[in-house]
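The values are calculated or read from the model by the stated rules, or taken from the named source; none is laboratory data. The model shown is predicted, which means the values in this text are computed figures rather than measured ones. Backbone-built Cβ (ideal geometry, glycine too); neighbour counts: all protein chains shown. Surface accessibility is based on the protein's heavy atoms, side chains included, excluding ligands, DNA and RNA. Shrake-Rupley method; radii C 1.70, N 1.55, O 1.52, S 1.80 Å.
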Amino acid sequence: MALLPILHYPDPRLHKVAAPVKQVDDKIVQLIKDMGETMYAAPGIGLAATQVDVHLRLLVIDISETHDQLQVFINPEIIRAEGEAECEEGCLSVPGIFEKVTRAARVVVSAMDQHGQQRTVEAEGLLAVCIQHEMDHLLGKVFVEKLSRLKQQRIAARLAKQQRQAM
Ligand code: K1U
Ligand code: ZN
C-alpha cells in the first residue's frame, strides 16, 4: 500500500470533473486501498479520488470511531435529497480551515462498492454531509467555494500566510 500526496487548494487540478469508473479491476482495488490508507493517515473521515489527482468517480469514507468501517462509493449518484442542515466542515485539501456549510440533511445514494456490487445507502448526519462534500470534489468543487466571497478572501489570505510560514 502507499500514501498518496493530497492536492492543496487552490491547486487547479482540484477543479477537474471526474469521469465514471468503467470497471472495478485490480488497479481500482489498489487505488481504494491506497486512498483508505491515505485518509486514515491524514487523518480524515473521507477522501475523493480528485484529491489525490485521480479524476475518477470514486470516494472513500469512514466516520466510525474505531476506524475500521471503510465505505467505498464508486460512480455515486444522489437519487434523493431532503431537508437542510448546517454542519462544520473541514477538508484535507484546505488544511486548518473549518467553516459551517448548509447541505441536504438526508440523502439516498446509489453506488458500487469495492466488489463491483451496486448498492443504495440512506444517510443522515455526518455521513450525509461527508458524502455530499466528497461528491462535490468529484465535480471539481471545494467546500470553501460555497462560502461568501468575503469568507473566501479571508481563507485565501490565511492559506497564503500558512504557505509563507511553511517556506
Ligand atoms: O474531503 C476531505 O478532505 C475529507 C474531510 C471530510 C469532511 C469532514 C467534515 C465534514 C465534511 C467532510 C475530512 O476528513 S477533514 C478532517 C476531519 O474532519 C477529521 C479529522 C480527524 C478526525 C475527525 C475528523
Ligand atoms: Zn474535502
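Figures for the structure shown
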| read-out | value |
| --- | --- |
| Verdict on Val108 being modelled with pLDDT of 95 or more and touching a helix residue (DSSP H, G or I) at 6+ places or on another chain (Cβ under 9 Å) | no |
| Candidate set from region 26-49 (those that are near ligand 1 (Cβ under 9 Å from one of its atoms) and of a type outside the set (Gly, Ala, Ser)); member that is farthest from Leu3 (Cα to Cα) | Ile45 |
| Cβ-Cβ under 7 Å pairs, at least 6 apart or on other chains, region 129-147 side over 16 Å from His8 (Cβ atoms), far side of a type in the set (Asp, Glu) and away from ligand 2 (no atom under 11 Å from the Cβ) | Leu147/Glu99 |
| Val109, sole failed condition from (1) over 14 Å from Leu127 (Cα atoms); (2) open to solvent by less than 50 Å² (accessible area, probe 1.4 Å); (3) more than 9 Å from ligand 1 (Cβ to nearest atom) | (1) |
| Boolean, Val101 is part of a loop (DSSP other than H, G, I, E, B), among the aliphatic types (A, V, I, L, M), open to solvent by less than 30 Å² (accessible area, probe 1.4 Å) and within 12 Å of ligand 2 (Cβ to nearest atom) | no |
| Qualifying residue in region 50-62 (condition: more than 16 Å from ligand 2 (Cβ to nearest atom) and acidic (Asp, Glu)) | no |
| Residue in region 42-54 that is surrounded by fewer than 18 Cβ atoms within 10 Å (Cβ to Cβ), over 15 Å from the mean Cα position of the chain (by Cα) and free of Cβ contacts under 8 Å to residues at least 40 places away in the same chain present | no |
| Some residue of region 113-125 being closer than 27 Å to Pro12 by Cβ, modelled with pLDDT of 95 or more and crowded, with 18+ Cβ neighbours inside 10 Å | no |
| Failed criterion for Asp62 (all others in (1) of a type in the set (Asp, Glu); (2) touching a Ser or Thr at 6+ places or on another chain (Cβ under 6 Å); (3) surrounded by 18 or more Cβ atoms within 10 Å (Cβ to Cβ) hold) | (2) |
| Candidates His67, His115, filtered to the one that is within 12 Å of ligand 1 (Cβ to nearest atom) and either in a helix (DSSP H, G or I) or of a type outside the set (A, V, I, L, M, F, W, C) (or both) | His67 |
| Region 72-98, subset under 18 Å from Ala48 (Cβ atoms), of a type outside the set (A, V, I, L, M, F, W, C) and within 16 Å of ligand 2 (Cβ to nearest atom), residue surrounded by the fewest Cβ atoms within 10 Å (Cβ to Cβ) | Pro95 |
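Matching residues to (1) within 15 Å of ligand 2 (Cβ to nearest atom); (2) surrounded by 13 or more Cβ atoms within 10 Å (Cβ to Cβ); (3) charged (D, E, K, R):
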residue	(1), (2), (3)
Val129	yes, yes, no
Gln132	yes, yes, no
Val142	yes, yes, no
Lys151	no, yes, yes
Ala156	no, yes, no
Gln162	no, yes, no
